[in-house]
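Q: I'd like to ask some things about the structure below.
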Amino acid sequence: MTLNFNDFQKQDIKFDIVKLQESYKEIIKTSKFEDAGVTNFGAISLTQIPGDPESIKGSNARGVYWTKPDQTGKEAIRDINIKEEEYSEFVKEYENTYFKEVYDKLSLKYKL
């Protein structure tokens with residue numbers, strides 16, 4: 001199989017990786033984020049359904065995913081469908097992080 005990267009385009013946008021790492025570490029220290037286990041599936045949601053903090057917990061934080069649970073190799077769907085387009089409000093807890101700056105910059109160019 002030959003890889004073809006013709007569908008990829010380099011974007012004229014840059015972010016500070018160190019600031020992203022620092023913001024991640026800050027979130028891990030200050031929030032009640034659970035980084036392991038099934039509870040939140042290791043997800044940090046930056047957006048939520050407006051006015052609904054429950055929309056970023058449990059199954060709502062991850063939505064559908066697929067696994068190959070047995071030796072047959074057949075994929076099995078797991079969890080619930082979520083309507084990603086409804087997640088339009090940036091989580092207030094993270095507004096003073098570099099993630100907000102990145103989100104705002106990307107929002108100017110892309111529909112997030």
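The values are calculated or read from the model by the stated rules, or taken from the named source; none is laboratory data. Only a predicted model underlies this, so the values are computations on that prediction, with no experimental measurement involved. All Cβ positions, glycine included, derive from the backbone under ideal geometry; neighbour counts span all protein chains shown.
Q: Applying the selection to region 71-91, what residues are acidic (Asp, Glu), part of a loop (DSSP other than H, G, I, E, B) and at pLDDT 90 or above?
A: Hit for region 71-91 is Glu75, nothing else.
Q: Give me the pairs, please: first residue somewhere in region 1-24 and under 13 Å from Glu101 (Cβ atoms) and of a type outside the set (Val, Ile, Thr), second residue anywhere and part of a loop (DSSP other than H, G, I, E, B) and modelled with pLDDT of 90 or more, beta-carbon distance under 8 Å, and either six or more positions apart or on two chains.
A: Ser23/Thr97
Q: For region 57-111, which residues satisfy the criterion of being loosely packed, with under 15 Cβ neighbours inside 10 Å and touching a Leu at 6+ places or on another chain (Cβ under 7 Å)?
A: Answer for region 57-111, where residues must be loosely packed, with under 15 Cβ neighbours inside 10 Å and touching a Leu at 6+ places or on another chain (Cβ under 7 Å): just Leu106.
Q: Also, I was wondering about something else. Evaluate the following for Glu54: is it modelled with pLDDT of 85 or more, among the acidic types (Asp, Glu), over 12 Å from the mean Cα position of the chain (by Cα) and loosely packed, with under 13 Cβ neighbours inside 10 Å?
A: Judged against the criteria, Glu54 is a match.
Q: Could you tell me whether Thr2 is surrounded by 11 or more Cβ atoms within 10 Å (Cβ to Cβ) and either at pLDDT below 85 or under 15 Å from the mean Cα position of the chain (by Cα) (or both)?
A: Considered against the rule, which asks whether it is surrounded by 11 or more Cβ atoms within 10 Å (Cβ to Cβ) and either at pLDDT below 85 or under 15 Å from the mean Cα position of the chain (by Cα) (or both), Thr2 comes out as no.
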